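Scroll down for the structure; my scribbles are underneath it.
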Amino acid sequence: MSPLRLPYSKLSPDAYQGLAATKKALQSSSLGKPLVELVYLRVSQINGCAFCLEMHAKALRADGMPDAKIDSLAGWRVSSHYTERERAALAWTEALVSVAETHAPDEVYEPLRAHFTDAEVSDLSFAIALMSAFNRLAIGMRQ
């Protein structure tokens, strides 16, 4: 891996603290830490952020998520390890990470309504956007 290109958290401390504040707010979301971390891990898989992959897989393992569930995340659609609630969240995650291709279609959004409150859908969308931002910073600056 290349050396860090720029110490972005030090060069843009206010912006970085804004992202950190959003992450902190999501930690107390009614989504629950396991789902938020699972979403962070899936976003990081899609974006190819090795730093974030290690961090979120480690956090999930530390919180007791089974290895089989973590290891099968990229194949969640065909795995028996995921609940319908998690499947709805992961489908939305993929739609938003690839929004230029998917345009966040109604057929992916509507299943969220059966499993999440409006506030939770909002929090979930913030979690996806936040991790996408962190991935872009880590990959772009070679963290």
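The values are calculated or read from the model by the stated rules, or taken from the named source; none is laboratory data. This one's a predicted model, so the numbers in the text were calculated from it and none came from an experiment. Glycine gets a Cβ as well: all are built from the backbone with ideal geometry, and neighbour counts include every protein chain shown. Heavy atoms of the whole protein, side chains included, go into the accessibility calculation; ligands, DNA and RNA do not. Shrake-Rupley method; radii C 1.70, N 1.55, O 1.52, S 1.80 Å.
Here are the numbers for the structure shown:
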item: 10 Å binning of all Cα-Cα separations within the chain, expressed as whole percents from 0 upward; result: 11, 41, 36, 11, 1
item: The stretch 12-141, relative contact order in percent, only Cα pairs under 8 angstrom and at least six apart counted; result: 34
item: Packing-based ranking, highest mean first, of 27-36, 52-61, 11-20 given that Cβ atoms within 10 Å are counted; result: 52-61, 27-36, 11-20
item: Degrees separating the helix 118-140 axis from the principal Cα axis of the chain, which is the longest one; result: 40
item: Estimated 222 nm signal from helices in the chain, with DSSP H stretches of n ≥ 4 weighted -39500 (n - 2.57), rounded to 500; result: -20500 deg cm²/dmol
item: Nearest 10 degrees, 0 to 90: helix 84-97 Cα axis against the chain principal axis; result: 40
item: Nearest 10 degrees, 0 to 90: helix 50-62 Cα axis against the chain principal axis; result: 50
item: For the stretch 1-82, alpha-carbon Rg and Dmax in angstrom; result: 14.7, 44
item: The chain, accessible area per residue, ligands and nucleic acids excluded (1.4 Å, Å²); result: 55
item: Computed label-point distance, nm, for sites D106 and D67 using a 7 Å Cα→Cβ extension; result: 4.5
